[in-house]
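Input: a single structure, listed below in structure tokens.
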Amino acid sequence: MNPSLRVVMYHYVRDLPNTGFPRIKGMLTSEFRRQLAHLRASYEMATLESALDYLQGVYTPRRDLCLLTFDDGLKDHYTDVTPLLLDHDIQGMFFLITSCLHDGQMVPVHMNHFLMATLDFPEYRQAFLDGLTNMSPDSKPLMEVDEALAQRTYRWDAPDVAAFKYLFNFVLDDHLRDSVLKNLFTEKLGDVRTFGRELYLNAAEARKMQAAGMILGGHSHRHKPLSSLSDDELETDLKTCHQILLESLYPQPFWPFCYPYGKQDSFTAETSRQLQQLGFCCSFSTEIGLNMTGGHLFELRRLDCKDVSM
Ligand SMILES: [Zn+2]
């Protein structure tokens, strides 16, 4: 049997019951610790370099490889994840949204997570749709969502929640959605930037992670579905992301990237081309699966941490 490379993806990893937002969907730090012990016993834990060597056919491991990736540049990754990875002698790969690192912005998808963890879903949806109607009296709240696609995109959510998230992330006009959201967020949870500074890694923390042997990578500047941008917008976003990584962090021999959202329809051949041109070494999707030698370096597949046994 040829060995394979499995890449596991994580988002929030925190001691949820002891945070202000126990309903955030994430992995408990205690579960993460158990999962690390399991993975370490079952696989050869890869570094970015050994994974790239394997993919390019210059390294054949004796066992299947396993690489750990963490999306969105969350503060959890500094406080909870990095210490445990160091205890287990494992390298993690952390993908930063550079607008969050650089100027304390919050991206809409995260405002949405925290509002959903604060309000009951029907209350949130109603408050959001009311805000939408107030701001744009002519707009009909668009509930015309492809429900199968929504469910495929948000596999862990109930159908009505998946449909709302899909409407929110893929259907609504960005400016309108973001204004409604920001008003609602400020009303319920306070100042957005103050919240953002607590939620995301800052550059000093990211550099400490690098100094401890972790790899940092790009997750775009604004966390938009990259296939929805024009070529110029795409170029601006990716260049800005790349430039901020180089200016804010320590040098690295390789810079990986990870597509926001990450399903096959959220990036294009042009996205990969531009990433390659900027010098990124590879890019991770959220399409489910294992990777084999010779696989496309800019369409790497991953497994959700909930798909991996403990
Ligand atoms: Zn993300």
Sorted by mean Cβ packing within 10 Å, highest first, what order do the peptides 218-227, 38-47 take?
218-227, 38-47
Taking K and R as +1 and D and E as -1, what net charge do the other residues with C-beta under 11 Å from the C-beta of K75 add up to?
-3
In nm, what is the difference between 0.36 nm times the number of residues separating F254 and D89 and their Cα-Cα distance?
57.4 nm
Treating only the Cβ of Lys, Arg, Asp and Glu as charged (+1, +1, -1, -1), what charge dipole size does the chain show about its Cα centre? Round to the nearest 20 debye.
780
Whole-percent tail of the Cα-Cα distance distribution for the stretch 196-251, cut at 12 Å, equals 69
Whole-angstrom gap from the stretch 170-240 to the stretch 1-30, using each part's C-alpha centre
20
Among T153, L16, H113, flag the residue with its Cα farthest along the positive direction of the charge dipole of the chain, charges on Cβ as +1 for Lys/Arg and -1 for Asp/Glu.
L16
Long-range share for the stretch 70-167, i.e. C-alpha pairs more than 22 Å apart as a percent of all pairs, stands at 49
Nitroxide proxy distance, nm - points 7 Å out along Cα→Cβ at K263 and T133
2.9
Under Stokes-Einstein, with the Kirkwood radius over Cα pairs standing in for Rh, what whole-number D in µm²/s applies to the stretch 159-223 at 25 °C and 0.890 mPa s?
167
Given the alpha-carbon gyration tensor of the stretch 82-226, what are the semi-axes of its equivalent ellipsoid in whole angstrom, ordered largest first, with each equal to the square root of 5 times an eigenvalue?
32, 18, 14
Extend 7 Å from the Cα of S228 along its Cα-to-C-beta direction; within the stretch 158-191, residues with backbone N under 17 Å of that point are 162-182
Exceeding the 26 Å Cα-Cα cut-off - candidates K25/K224; K182/K208; K188/K239; K208/K263
K182/K208; K188/K239; K208/K263
Label point at D174 placed 7 Å out along Cα→Cβ; residues across the stretch 59-99 whose backbone nitrogen lies under 17 Å
97-99
Taking the C-alpha atoms of the chain, how large are the radius of gyration and the largest Cα-Cα span, Dmax, in Å?
19.2, 63
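All of the numbers you see were taken from the coordinates with simple rules; none came from a lab. No experiment lies behind these values; they were computed from the predicted model shown. So basically every Cβ, Gly included, is an ideal-geometry build from the backbone, and we count neighbours across all protein chains shown.
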